[in-house]
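**Q** Just passing along the structure, written as structure tokens.
Just so you know, all these numbers are worked out from the coordinates, no wet-lab data involved. These figures come from a predicted structure and were not determined experimentally. Quick reminder, even Gly has a Cβ in these numbers, built from the backbone with ideal geometry, and neighbours come from all protein chains shown.
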Amino acid sequence: MCTVVILRRPGHRWPLLLAANRDEMKDRPWRPPDRHWPDRPWVVAGLDLEAGGTWLGMNDSGVVAAVMNRTASLGPAADKRSRGELVLDALDSADAADAAERMRHLDGNAWREFNLAIADDRDAFWLRSRGRAAGGRVECFPLPEGLSMLTARERNDRVSSRIDRYLDRFADALAPDPDAFGGDWAEWSDLMADTERGAGGEPDSAMCIDTDFGFATTSSSLIALPAAGSRVLRAGAAPIWKFAAGPPATCPYEPVAALDGPAAPARAAG
């Protein structure tokens, strides 16, 4: 059960802050975020070596997308496409609104159930596919200003023990300050690294997990998107992506170097 935390602050110099933990089988091979796709040079994303897609990525236009399984849909299915394709398809758009509009017209029956988050410095969306339960329809919901948490259920759904335990903690935490020297993500990074389970001991009640059947938090990301034009206001206001190439409880966050690589505009997908 992956987790995505999004803080939207329209009008702020950093209007979009995002944190994400990837939960996956530890033996599923992957590579850290880079420009892995020659046919998509504008995409920086982690690479799932098993299916060829990604769980989280950003394009050079400043669009971020992340995919999560929904409840009881972990793993591939022989008659379904890989959900990792969805992030790459979303990152073919130059803004989040265009990406969400395209993606909501997909036939959700082609994939197992998913939650998909798409955001940029102006807009953010949650797309939900419940498969046959919704007739294959992909539903699209704008994310409101403020804090949103997505896991395998609904936005801010306290039925999720993880959301129930952490939503208020994130709301009370000091928001990251990308402008601080070296960037100050202390309170968010501490929450993303928390391994303490709830009173019931459910493995997925912690933010950073490690189970006895090989399912664990395998990487983590901290992302900040600057407002359009903020480069003029202060030097260095480019998108920020810090990546932990392992469980954040034991692995430090490091800048994603590929963001500083050759830029290519996202194509307008037809």
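**Q** Any idea what the dipole of the range 3-260 comes to, in debye rounded to 20, about its Cα centre with Lys/Arg Cβ at +1 and Asp/Glu Cβ at -1?
**A** It comes to approximately 520 debye.
**Q** How many percent of Cα pairs in the chain exceed 35 Å?
**A** That fraction is 8 percent.
**Q** Between the range 156-233 and the range 92-108, how many Å separate their Cα centres?
**A** Spelled out, the Cα-based centre of one part sits 26 Å from the other.
**Q** Could you list H12, H36 so that the one with the fewest beta carbons within 10 Å of its beta carbon is first and the one with the most is last?
**A** H12, H36
**Q** If you put +1 on each Lys and Arg Cβ and -1 on each Asp and Glu Cβ, how big is the dipole of the range 172-211 around its Cα centre, in Debye rounded to 20?
**A** Here the range 172-211 has a charge dipole of around 120 debye.
**Q** Right, something else. Most fluctuating residue of F213, F125, F114 in a GNM of the chain with Cα springs under 10 Å: which is it?
**A** The residue that fluctuates most here is F213.
**Q** Compare the Cα positions of L18, L86, S220 along the charge dipole of the range 3-260 (+1 at Cβ of Lys, Arg; -1 at Cβ of Asp, Glu; about the Cα centre) and return the one farthest towards the positive end.
**A** Farthest towards the positive end: L86.
**Q** Take the chain, connect every pair of alpha-carbon atoms lying under 10 Å apart with a spring to form a Gaussian network, then pick out the residue of P33, P15, P252 with the largest mean-square fluctuation.
**A** P252
**Q** V43: net charge of surrounding residues, Cβ under 9 Å, Lys/Arg +1, Asp/Glu -1, itself excluded?
**A** 0
**Q** Here is a follow-up. By the scheme Lys and Arg +1, Asp and Glu -1, what is the net charge of all other residues having a beta-carbon under 10 Å from that of L88?
**A** -3
**Q** Turning to a different aspect of this structure: So what are the range 1-127's ellipsoid semi-axes, whole angstrom, largest first, if each one is the square root of 5 times an eigenvalue of the alpha-carbon gyration tensor?
**A** 22, 16, 15
**Q** Same structure, new question: Gaussian network model of the chain, Cα springs within a sub-10 Å range: biggest mean-square fluctuation belongs to which of D98, D172, D210?
**A** D172
**Q** E187: net charge of surrounding residues, Cβ under 12 Å, Lys/Arg +1, Asp/Glu -1, itself excluded?
**A** Counting the neighbours of E187, the net charge comes to -4.
**Q** Using Cα pairs under 8 angstrom and six or more residues apart, how large is the relative contact order of the range 3-260, in percent?
**A** Relative CO of the range 3-260 lands at 21 percent.
**Q** Something else now. Using θ = phi - 60° and the Karplus relation 6.51 cos²θ - 1.76 cosθ + 1.60, list the HN-Hα couplings for the range 16-33 in order, rounded to whole Hz, with x at every Gly or Pro.
**A** Once θ is set to phi - 60°, the couplings for the range 16-33 become 9, 10, 9, 10, 8, 10, 9, 9, 7, 5, 5, 8, 7, x, 7, 10, x, x Hz.
**Q** Pull out a ≥ b ≥ c, the square roots of the eigenvalues of the alpha-carbon gyration tensor of the range 137-178, then state rounded if a/c is under 1.5, prolate if not and a/b is larger than b/c, and oblate in the remaining case.
**A** Cα axes put the range 137-178 in the oblate bin.
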